[in-house]
Amino acid sequence: MLSLTLRQLEYATAVARHGGMTAAAEALHVSQPALSVALAQLESLLHRPLFLRRAGGRLTPTAFGRGWLDLAEVQLAALSRLTDPATVAEDIRLAVFEDLAASCLAPILTFMAKHAPNLKITPHVMDFEQLSASLHKGHVDLALTWDLGLQSGIARQTLARITPHAILPPAHPLAQCSSLTLAQLAQQPLILADQGLSLGHMRGLFAQAGLSPQIHHRTASLDLMRSYAANGLGVGLSYTNPAARLSPDGKPLVTRPIHDAGTEPLILAHLAHNPPSAAAQDFIRLVPQALPAALQGESSTPV
């Protein structure tokens, strides 16, 4: 059965549709003898006749032929769809940096379900290193992340530029300020995410300003950083700024922008030599509208 060819399927179904060799050969633009030979070879392969042959009459499918030809039509239609990318369902494998996921993943999925229900999105929450490796190995199609630690060969589309912020309890003296400076924060016990790239980036902000930060705690997650800050263990620093003004353990906190620390791009990334599919392009076009206000930053203009 492995010797069955696509051409044989096309020839047999054409004969059934047109009711005879002559009409089918004309429709296929082949000679009638070539069509007759191909059909005979197919019936020999199947060990069953597909058509009842009557001199001068219309070719009629046999009982076996009716079922076989119906199945052949279905398979040909499926094969035809394979040549049309617009008909192929495309699963968008989306990686999201773990600190961003709680703030934006559910809003994005909800927005897409409403405005682009045809998109099938499979999310994967990862740290920086996993995310970068998954992009390069082709395990994900797009990555929503900060522009940190991505290797060469990655194309980026900027969704927004976000100012870093400090996380404090409401009673902290700095909470009375509408915004803060790196110099003010350098004098405080700081709480940073214990993620190599993020930690190095935050240290770099102070170094560029000629300052030495006092890092008292490193936390494994943003939630833990916020809990430490709300309980007075120091001042947390982060780009991700969840809307909630309570720590996970229920204590109040406030956030203040750091106005002299620049901004960090929030990006959608993909492999440069693996261009986004049509479905992924639709996702890229819509996702700026799906971001919560805290992640829309100064602008959400793609570049």
Inset, instruction - Kindly indicate whether Asn274 is surrounded by fewer than 18 Cβ atoms within 10 Å (Cβ to Cβ), among the polar types (S, T, N, Q) and under 30 Å from Asp91 (Cα atoms). - result: yes
Inset, instruction - Would you check if there is a residue in segment 224-237 being in contact with a His (Cβ under 6 Å, 6 or more places away or on another chain), within 28 Å of Thr181 (Cα to Cα) and part of a helix (DSSP H, G or I)? - result: yes
Inset, instruction - Select from segment 194-208 the residues that are of a type in the set (A, V, I, L, M, F, W, C) and touching a strand residue (DSSP E or B) at 6+ places or on another chain (Cβ under 6 Å) and write down the one among them that is nearest to Thr219 (Cα to Cα). - result: Leu199
Legend entry - Residue check for Ser238: surrounded by fewer than 16 Cβ atoms within 10 Å (Cβ to Cβ), hydroxyl-bearing (Ser, Thr, Tyr) and closer than 28 Å to Val140 by Cβ: no
Inset, instruction - Report, by residue number, each residue of segment 251-267 that is part of a loop (DSSP other than H, G, I, E, B) and under 14 Å from Leu168 (Cα atoms). - result: Lys251, Leu253
Legend entry - The lone exception for Ser179 - which of (1) closer than 30 Å to Val235 by Cα; (2) touching a strand residue (DSSP E or B) at 6+ places or on another chain (Cβ under 6 Å); (3) surrounded by 16 or more Cβ atoms within 10 Å (Cβ to Cβ) it fails: (3)
Legend entry - Residue satisfying condition, being over 30 Å from Leu286 (Cα atoms), surrounded by 15 or more Cβ atoms within 10 Å (Cβ to Cβ) and not charged (D, E, K, R), within set Leu159, Leu142, Leu190: Leu190
Legend entry - Subset of segment 1-21 that is assigned to a helix (DSSP H, G or I) and farther than 16 Å from Thr60 by Cα - its residue that is farthest from the chain's Cα centre (by Cα): Gln8
Legend entry - Only listed residue being within 16 Å of Ala143 (Cα to Cα) and either in a strand (DSSP E or B) or of a type in the set (A, V, I, L, M, F, W, C) (or both), chosen from Ala34, Ala24, Ala101: Ala101
Inset, instruction - Scan (1) touching a Lys or Arg at 6+ places or on another chain (Cβ under 9 Å); (2) touching a residue at least 40 places away in the same chain (Cβ under 8 Å) for the single condition Leu199 breaks and write down its number. - result: (2)
Inset, instruction - Quickly run through segment 233-267 and pick out the residues that are under 25 Å from Leu159 (Cα atoms) and acidic (Asp, Glu). - result: Asp260, Glu264
Legend entry - Boolean, Thr60 is assigned by TED's automatic domain parsing to the domain that holds Glu73, closer than 18 Å to Leu76 by Cα and of a type outside the set (A, V, I, L, M, F, W, C): no
Legend entry - Answer from Leu211, Leu185, Leu246 - the residue that is at pLDDT below 95 and over 16 Å from Asp99 (Cβ atoms): Leu246
Inset, instruction - Output the number of the condition that Phe51 fails; it satisfies all remaining conditions of (1) in contact (Cβ under 8 Å) with a residue 60 or more places away in the chain; (2) in contact with a Gly (Cβ under 7 Å, 6 or more places away or on another chain). - result: (1)
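The values are calculated or read from the model by the stated rules, or taken from the named source; none is laboratory data. What you are looking at is a predicted structure, and each value in this text was computed from that prediction instead of being measured. Counting neighbours? That spans all protein chains shown, and the Cβs are built from the backbone with ideal geometry, glycine included.
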